[in-house]
Amino acid sequence: MTDVTNLAADVRAFTSNAFLVPGERTVLVDTGANFDVVSRIESRIDALDAVVLTHTHRDHVGNVGAVCEAFGVETWGYDPEQPAVDHELGATAHIGDHDYDILHTPGHKNDHICLYAPAPKVCFAGDLVFADGAFGRTDLEEGDREALIRSIDRLRETVDPDLSALHAGHGPSATTDAYATIERAGEAARRR
């Protein structure tokens, strides 16, 4: 299992989760918004190696400038044409102590990705699916319900049925029945 801390767990402001993943390459997955994430990072580690963004909605990238300035790091995401993205992700990214497969999963936003590490069976799902089996909004700009359903199906087909943790962009992480969470989200997206 990977040692992951959600730095936004107790924040009451409008923000996404911001996951600190320490290890060989210490990475922040999404920066959140509207809270002091820098001090929360500094209270846990001395240095940060990179920021990886699941997508570029404001609640996920609002703290990018502060984090990059404080730690002298750059950001990685799907679309380097987005202002918050310095570099385009390839097929994999080393995060913490593991290699994560990069899955392009549009539907919530065109530049949305999920990150999946087969070795520890951990997934960062952004706003594609959530721990309660819900799914990301498709009523925002670039939202597309059919694309979202295809993306959920792709994630379900990619991850191991013994998925140990699914870290979502909002709310709690799923650490029991994580694979079933993806299945429920796919079913719910088809019904609504």
**Request:** Could you tell me which residue of region 1-47 is surrounded by the fewest Cβ atoms within 10 Å (Cβ to Cβ), considering only residues that are in a helix (DSSP H, G or I) and β-branched (Val, Ile, Thr)?
**Result:** Val38
**Request:** Only residues that are part of a strand (DSSP E or B) and in contact with a Lys or Arg (Cβ under 6 Å, 6 or more places away or on another chain): list them for region 162-183, please.
**Result:** none
**Request:** Out of the residues in region 145-161 that are outside any loop (DSSP other than H, G, I, E, B) and acidic (Asp, Glu), state the one that is farthest from Asp59 (Cα to Cα).
**Result:** Glu157
**Fill in**
When (1) touching a residue at least 40 places away in the same chain (Cβ under 8 Å); (2) among the acidic types (Asp, Glu); (3) assigned to a loop (DSSP other than H, G, I, E, B); (4) surrounded by 15 or more Cβ atoms within 10 Å (Cβ to Cβ) are applied to Glu142, the one that fails is (1)
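Values in this text are rule-based calculations from the coordinates and carry no lab data. Computed from a predicted model, the values in this text were never measured in an experiment. Positions of Cβ are generated from backbone atoms using ideal geometry, with glycine treated the same way; all protein chains shown enter the neighbour counts.
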